[in-house]
1. Quick query: amide H of Arg137 versus all other amide H atoms, modeled in the peptide plane; which residues come in under 5 Å with a sequence gap of 5 or more or a different chain?
2. Take the Cα atoms of region 62-109, build their convex hull, and give its volume per residue in Å³.
3. Which far-off residues, 5 or more places away or on another chain, put their amide H under 5 Å from the one on Leu79, with H placed in the peptide plane?
4. Give me the net charge of Tyr125's neighbourhood, meaning all other residues with Cβ under 12 Å from the Cβ of Tyr125; Lys, Arg count +1, Asp, Glu -1.
5. Per-residue accessible area for Asp50 at 1.4 Å probe radius, Å² rounded to 10?
6. Apply the Karplus parameterisation 6.51 cos²θ - 1.76 cosθ + 1.60, with θ equal to phi minus 60°, to every residue of region 23-37 and state each ³J(HN,Hα) to the nearest whole Hz, in sequence, with x for glycine and proline.
7. Go through region 81-94 residue by residue and turn each phi into a ³J(HN,Hα) via Karplus (6.51, -1.76, 1.60, θ = phi - 60°); whole Hz please, and just put x for glycine and proline.
8. Just order 115-128, 60-73, 139-152 by mean Cβ neighbour count inside 10 Å, highest at the front, would you?
Amino acid sequence: MTEPLRPPIVDAEVPAPMPPRTPEPLRVVVLMERQAAPNRWEDWRFRIADVALDVGQFGSEPRCLRDDGQLALFVHPGLQVRLFPDEGEGYHLNLTSGAPVWFVMWRVQEDDPSQALPECVTLSYNEAGRLLDAQERVDNTPLSAEVREWLQAYADAYYRPEPKKRRRPASFVAPGQRARRMPEGGGSGDGG
């Protein structure tokens, strides 16, 4: 007995295959600079000096690399950067910003204001925005070409822009009159 012929499957609207799983987290090291008494209103000023891949070059514990009394450099190894499929838009926005960056959220220690610790590192523009909205301190530093390529591959796999919604014409307006009712530039005025 032969099987009946089935109609061919059409690939219209079939999403691209997703990678089997999210990549392993990146281990990074954050270098933070501390300046003593930068002006008469501040005792300490902190800034993110760099973020680099952590391959064990700095050990496993935070420590001071140098301190000349005015400027100190601290290393914070072992932070993890995880990528999440639902943050694809944030990674895409970071990559297309013109200057992709690491975003580092850090806090001054309450018991010792001369110390600041990085709390998390992300590559998502949206996550950094949420942290800033929550009144956290977030600084950035340029992304290396190696990490940029890795992030681009991930964003290409997981980010799908939402399709633009078609604006329905006003059915009560005659077709010849519709063009006159459109805002300048021919757009709908609502971004879509």
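1. Result for Arg137 returns Trp106.
2. Expressed per residue, the convex hull around the Cα atoms of region 62-109 is 128 Å³.
3. Placed amide hydrogens put Val28, Val30 under 5 Å from Leu79.
4. -2
5. Its accessible surface works out to 60 Å², give or take rounding.
6. With coefficients 6.51, -1.76 and 1.60, one gets x, 4, x, 7, 9, 10, 10, 10, 9, 10, 9, 10, 10, 8, 6 Hz.
7. 10, 9, 9, 10, x, 7, 9, x, 5, x, 5, 4, 4, 4
8. Highest-to-lowest ranking by the protection proxy: 115-128, 139-152, 60-73.
The values are calculated or read from the model by the stated rules, or taken from the named source; none is laboratory data. Quick caveat: nothing in here was measured; it's all calculated off a predicted structure. Here Cβ is always computed from backbone atoms with ideal geometry, including for glycine, and neighbour counts include all displayed protein chains. Keep in mind that these areas ignore ligands, DNA and RNA; they rest on the heavy atoms of the full protein, side chains included. Shrake-Rupley method; radii C 1.70, N 1.55, O 1.52, S 1.80 Å.
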